Structures are given as C-alpha cells and as structure tokens.
Amino acid sequence: MGKKLTLILGGARSGKSSYAQQMVDRPPESVLYVATATAGDEEMAERIAAHQANRPAHWCTLEAPLKVGKAIQDAEPTHWVLVDCITLLANNVLFSLPEPVKEPDYQSAMNGELDELLYAYQCSPAEWVLVSNEVGLGLVPEYPLARLYRDVLGKSNQRLAQAVDTVIFMVAGLPMQVKGPGSHR
C-alpha cells in the first residue's frame, strides 16, 4: 500500500489538531511533531503550552517556523510526521517579507515553502499528516493584508489538496473525507 500524505482542513476550533494526533498516535511507532507556531504574545504562548500538554511525551517535537521541509529532512527518521500547521507557516512567511508585501512575492515565498515540504515528503519513508485552516468559509477580511493572507493560504491549501492522497475536512470535531479512498469527488 505504501506511505500516505493526508491533509486535514477545518475552521478554528474544529478539532483538526486533536484528530491529527489521534491518527498518528500508534505506539510503538515514532512521531515527529513539527510545530510552526511562534509565541508572539501571551495568548499564543498559552495556546502553544496547551498544545504541548496534549501531545504524548514520547513524541519528538521539532519547532520550525520557516524552512519546514529542510528542518524535517535534517531530523531523525520516524514512522509519522505531523505538521501543525500550514496556517501558521503562511503567517510566518508573510511576516518574514519586507513591507509593503506584494502578492506575487508572498505567493512565491509560500510556494517555495510548499515545494520544500513536498520534496521532504517524497524523500521521507514516513506517513505524513498536514493540518491547515480552511479560510474560505468566513467573512471577507476588512484589511488588505488580511485578504492577501487569506488568498495565499487558500491557494496553498488548494495546491496541497491536489498533491495529497487524502483530504479530511473537520466540522465540529467530526471528520469528513473529501478526497481519498471511498470519497465521492
């Protein structure tokens, strides 16, 4: 059957991370948890601490806010790689760019991150799970930079959805498979 690449999408607090963790928690198989979050303020620090507390202690954690694919390639091989999340990676890419941010520059930088990530997957023997927010279901952001972020993340999610074997959409903690074996696309 071979290895598999899965993308889990959903809104904020839809249960994406919890579901992803359940998918990969198969002792004695090893897990590399790739955290893209950075603690920019106290609230985010609290969220990161809560995520850390919910992870099994035997998992290896890799903090990689940028250059995620390269960081994974440099890590010890594991059975599973869980990247949580593409949403924050897109945020980190955006804020690494000089202002004013232009859409082609942002899209190019994000595509570079996705290229490296997908290349790392191809080189890896592990099964991978990627987590990302579905940002196209909410209100149109009020500010141009927020709209730019939403647009680039949305395009990135579309690109990943085309590249992966399985896409799961989380709604109120319930998984719906929208791509993969048994789905009706």
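Being assigned to a helix (DSSP H, G or I) and in contact (Cβ under 8 Å) with a residue 12 or more places away in the chain is the filter; apply it to the stretch 41-61 and report the residue that is farthest from the chain's Cα centre (by Cα).
54
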request  = Exactly one condition in (1) part of a helix (DSSP H, G or I); (2) closer than 23 Å to residue 21 by Cα is not met by residue 81; state its number.
outcome  = (1)
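Yes or no, residue by residue, for (1) farther than 16 Å from residue 168 by Cβ; (2) surrounded by fewer than 16 Cβ atoms within 10 Å (Cβ to Cβ); (3) of a type in the set (Asp, Glu):
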{"position": "9", "(1), (2), (3)": "no, no, no"}
{"position": "21", "(1), (2), (3)": "no, no, no"}
{"position": "37", "(1), (2), (3)": "yes, no, no"}
{"position": "50", "(1), (2), (3)": "yes, yes, no"}
{"position": "59", "(1), (2), (3)": "yes, no, no"}
{"position": "63", "(1), (2), (3)": "yes, yes, yes"}
{"position": "77", "(1), (2), (3)": "yes, yes, no"}
{"position": "84", "(1), (2), (3)": "no, no, yes"}
query = Scanning for something of a type in the set (S, T, N, Q), on the phi < 0 side of the Ramachandran plot and free of Cβ contacts under 8 Å to residues at least 60 places away in the same chain, does the stretch 131-148 turn up at least one residue?
reply = no
request  = Hey, could you check the stretch 65-75 for residues that are touching a strand residue (DSSP E or B) at 6+ places or on another chain (Cβ under 9 Å) and in contact (Cβ under 8 Å) with a residue 40 or more places away in the chain and say which is surrounded by the most Cβ atoms within 10 Å (Cβ to Cβ)?
outcome  = 72
query = Looking at the stretch 109-137, which of its residues are surrounded by 14 or more Cβ atoms within 10 Å (Cβ to Cβ), assigned to a helix (DSSP H, G or I) and among the polar types (S, T, N, Q)?
reply = 111
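Rule-based calculations on the coordinates, nothing more; no lab input. Predicted model only: the values in this text are computed from it and were never measured. Neighbour counts run over all protein chains shown; Cβ positions are idealised from the backbone, glycine included.
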